[in-house]
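Just so it is clear, none of the values below were taken in a lab; they were calculated from the coordinates. Being a predicted model, the structure only gives us computed values, none of them experimental. Counting neighbours? That spans all protein chains shown, and the Cβs are built from the backbone with ideal geometry, glycine included.
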Number of protein chains: 2
Amino acid sequence: MTTVTILGSGIMSTALAWPLSDNGHEVRLVGTHLDRDIIDTIKKTGVHPNLDLKVPEGVRAYQLEEAEEAFEDAEIAMSGVNSFGVHWAGEQFASLLKPGMMVIAVTKGMEADDDGNLRILPEVLAEEVPQELREQVSWSAITGPAIAGEVAVRHDTCVVFAGRDADVLEKLAATFRTDHYHIWTSMDFIGAEVCAAVKNCYAFGGGFMDGLLDKEGKSEAKYRRYNYGAALFGQATRELGQWMELLGGDPDTSNGLPGVGDMFVTTMGGRNVKAGRFAGAGVPFSEVQNERMKDVTLEGVAAIRVIGGALEKLTERGVVPAEEFPLMRHLYDVVEKDEPLNMPWETFFGGEPQKQKQERV
Amino acid sequence: MTTVTILGSGIMSTALAWPLSDNGHEVRLVGTHLDRDIIDTIKKTGVHPNLDLKVPEGVRAYQLEEAEEAFEDAEIAMSGVNSFGVHWAGEQFASLLKPGMMVIAVTKGMEADDDGNLRILPEVLAEEVPQELREQVSWSAITGPAIAGEVAVRHDTCVVFAGRDADVLEKLAATFRTDHYHIWTSMDFIGAEVCAAVKNCYAFGGGFMDGLLDKEGKSEAKYRRYNYGAALFGQATRELGQWMELLGGDPDTSNGLPGVGDMFVTTMGGRNVKAGRFAGAGVPFSEVQNERMKDVTLEGVAAIRVIGGALEKLTERGVVPAEEFPLMRHLYDVVEKDEPLNMPWETFFGGEPQKQKQERV
């Protein structure tokens, strides 16, 4: 039996309590300062209010002030916060981790510095931990297509545990793996994490299909906009591959579960797609953010701001040619600059040949 | 103005009358012997009954016996039949084509010989035409994600015209291209056509998600099976790449519009996905074919039979290792051998590491 302590009681990290409990492991769920009500509810009723499910027998819930007790003797420490909480989680880990612990993160996103250099979040998380301790624990992450509730109700799910130590990854995988929660391991830590962040950006575009129909008063029309969505999906797949090239990932990662697989599932729905639908319907994005979806956490949108902003800087610096990543650039223009949706088709797939010629004439 | 004559008045070939008419070209639509009612209806009312839309002004409909007149002076000849009609269409072309015509096909599928050697359909089509004439016309095809009705109602669509002659492809693209029908060209004829056929097989699996929920009485449940579908999509993308390697296509093709793009749109619905849903719900496939969906043309299923059957022979001959294409093999077992759906997850993505070890013990 392994003890797994989870910091952050969002739906994704909590859902992992099911495969862990099914394998007979002890799960300790620690809420952040934002999770106070969730932990209270679990303590009182056993139900995670956002998952709307009773957590498995034996899962113990802790408020943040009980964190030290929860991390005592844990072999695995999970960071279950979202991308906005990574620095905070790292600060907590600085005092909670013990040498030998295996850290695994579910957060999806990236950070950029002022020059547009992008970093994966497990690095950001680790940097908050003093160097000596940082090197005495291992750092890994979970990537791939996993809607939290589906994991919790034991619907088949295939994920990739990524990191830099094959033995650690196999140990972690053996701890989490069940007949429904299928796990592959990958040493392409950069590639897997970049996919996790970038696919969130492209999935925002998954809302455009229905949004365009809304705008045209065709919400119930027989003929949808799947061709449009499929073209975006194709261009997004191409760009995922270009991100691998730029940041040092493996194309098998972008063409597998962490890339196209996760992009597929994220495109199927959720808050990010809902925000994209408003954009597709012609609502200026500032209005989506400040009115229509006020107070809603939009990680995909946040990722577009970070990654699209970095892209502009990388292009200014001559690192990335201006004609690459046209879809990401347009998503950035829509989200950050309030530009109307106007898909630059002629720039996709290396450029539509005749169109380019016509425009040159 | 160019004259384009289309043999076969199915929804896809007919939908292309819209971009052609928008560009001022003359479109002549010739029905096959199976299309008699469609042509009659268009002649009488202007409406294509399966598209449920009035065809553009100026499109002229012809019964098969008027084909010679329709092909007179045509610069472009389109094969608009489905995969079951390719030999027949080739036989018609043998007497209808004239030297210098540009042939373009929309059919999606492949053919295999007794040894499992697979061939793309434009080759099958061309072989029915006497060699001298065959070499005096050009052969190209349209691939990529295009639901017919969406093309007809001028929803943005991105496709790839593939063939072996760049000049011909550019001429064809310039004839069809509009502000809504976006066209790239590709000399990867094999890759594009293989994707067109193979993605139809994998899209059949797009029905499993809902089928499994039907089986479990969870058709209306909050938590769906998107993780399952996303995992299949990831493995299918991997296998698309392996098909490119095996048959000589470019990975950019499988990772672009003809591959993942078209697989995305085909997974979103249609008869093929409906058949997959029955299979997901546990209905033996013989019953789906002979009762539930009797008399329904299922091109994806036909493609699974051809390609899955060829795969067995290629494996017997030692051309393809037995551990490759596990998803295609399972689809074949379900469709051809009436086996129950039982996804071999542990064989996906090169094999789930620990699972394989456990099974070896």
> Which residue fluctuates the most in chain A, going by a Gaussian network model with Cα springs under 10 Å, if the choices are A:33, A:330, A:87?
Replying inline: A:33
>> If amide hydrogens are placed 1.01 Å from N in the peptide plane, which non-local residues have theirs closer than 5 Å to the one on residue A:352?
In response: A:347
> Under the Karplus relation 6.51 cos²θ - 1.76 cosθ + 1.60, θ = phi - 60°, what is the ordered set of whole-Hz ³J(HN,Hα) values for region B:89-96, x standing for Gly and Pro?
Replying inline: 4, x, 4, 5, 4, 3, 9, 9
> Per q in 0.05, 0.06, 0.08, 0.09 1/Å, what log10 I(q)/I(0) does a Debye calculation on the alpha-carbon atoms of the protein assembly as shown return?
Replying inline: -0.26, -0.37, -0.65, -0.81
> What is the helix-to-structure angle for B:226-247, meaning the angle in degrees between its Cα long axis and the longest Cα principal axis of chain B, kept from 0 to 90 and rounded to the nearest 10?
Replying inline: 70 degrees
> What are the residues whose amide H is under 5 Å from the amide H of residue B:160, where those residues sit 5 or more places off or on another chain and H is modelled from the backbone?
Replying inline: B:143, B:144, B:184
> Scanning chain B for GluC sites (Glu not before Pro) in DSSP loops with at most 15 other Cβ atoms within 10 Å, what's the longest stretch left with none?
Replying inline: B:221-322
>> Using the Karplus curve 6.51 cos²θ - 1.76 cosθ + 1.60 with θ = phi - 60°, what ³J(HN,Hα) values do you get for each residue of region A:169-182, in whole Hz, with x for Gly and Pro?
In response: 4, 5, 5, 4, 4, 5, 6, 8, 5, 10, 6, 10, 9, 9
> Label-point separation (nm) for residue A:50 and residue A:73, each offset 7 Å from Cα along Cα-to-Cβ?
Replying inline: 3.0 nm
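Could you sort out which of B:215/B:313; A:54/B:218; A:98/A:171; A:108/A:274; A:199/A:337; A:54/B:222 sit more than 25 Å apart by Cα distance in this structure? Present the calculation step by step, with values, prior to reporting the outcome.
Values: B:215/B:313 33 Å; A:54/B:218 18 Å; A:98/A:171 18 Å; A:108/A:274 19 Å; A:199/A:337 21 Å; A:54/B:222 15 Å.
Exceeds cut-off: B:215/B:313.
May I ask for the percentage of alpha-carbon pairs in region A:198-360 that lie more than 24 Å from each other? If you can, show how the numbers build up before the last one.
Working: 4360 of 13203 pairs.
Tail fraction, whole percent: 33.
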> Just how large is the dipole of region B:191-360 about the Cα centre, in debye to the nearest 20, putting +1 at every Lys and Arg Cβ and -1 at every Asp and Glu Cβ?
Replying inline: 440 debye
>> Considering the Cα positions of region A:207-293, please state its Rg to one decimal place and its Dmax as a whole number of Å.
In response: 15.0, 44
>> Through the Karplus equation 6.51 cos²θ - 1.76 cosθ + 1.60, θ set to phi - 60°, convert the phi angles of region B:43-48 into ³J(HN,Hα) values in whole Hz; use x for Gly and Pro.
In response: 4, 7, 10, x, 9, 7
>> Whole angstrom only: what separates the Cα centroid of region B:33-109 from the Cα centroid of region A:264-340?
In response: 44 Å
> Who wins for biggest fluctuation among A:13, A:286, A:219 in a Gaussian network model of chain A, springs between alpha carbons below 10 Å?
Replying inline: A:219
> For a label point 7 angstrom out from the Cα of residue A:319 toward its Cβ, which stretches of region A:236-270 have the backbone nitrogen within less than 12 Å?
Replying inline: A:246-248
>> Tell me which of A:142, A:18, A:96 sits at the most positive position along the dipole axis of region A:3-187, charges placed on C-beta atoms (Lys, Arg +1; Asp, Glu -1).
In response: A:18
> For chain A, modelled as a GNM with alpha-carbon contacts under 10 angstrom, which of A:109, A:234, A:191 fluctuates the most?
Replying inline: A:234
> Tally Lys/Arg at +1 and Asp/Glu at -1 over every other residue whose Cβ is under 11 Å from the Cβ of residue A:156; what's the total?
Replying inline: 0
>> Quick check of the Kirkwood formula: for region A:3-187, what is the inverse mean of 1/r over all pairs of different Cα atoms, in Å?
In response: 16.3 Å
> Taking the radius of gyration and the Kirkwood hydrodynamic radius from Cα positions alone, what is the Rg/Rh ratio for chain B, to two decimal places?
Replying inline: 0.99
> Three principal axis extents, largest first, for the C-alpha atoms of region B:14-102, in Å?
Replying inline: 32, 28, 22
> Near the amide H of residue A:61, under 5 Å away, which other amide H atoms are found, from residues 5 or more places off or on another chain, if H is placed in the peptide plane?
Replying inline: A:29
> Across 10 Å bins from 0, what is the distribution of all Cα-Cα pair distances for region A:128-201, in whole percents?
Replying inline: 19, 43, 31, 7, 0
> Add -39500 (n - 2.57) for each DSSP H run of 4 or more in the protein assembly as shown, then divide by its residues: what number comes out at 222 nm, to the nearest 500 deg cm²/dmol?
Replying inline: -13000 deg cm²/dmol
>> Placing +1 on the Cβ of each Lys and Arg and -1 on the Cβ of each Asp and Glu in chain B, which of B:169, B:50, B:227 has its Cα farthest towards the positive end of the resulting dipole?
In response: B:227
>> Just to be sure I follow: if Rg is taken over the C-alpha atoms of region A:1-59 and Rh is the Kirkwood radius over the same atoms, what is Rg/Rh?
In response: 0.93
> In percent, how large is the relative contact order of chain A, given Cα pairs closer than 8 Å and 6 or more residues apart?
Replying inline: 14 percent
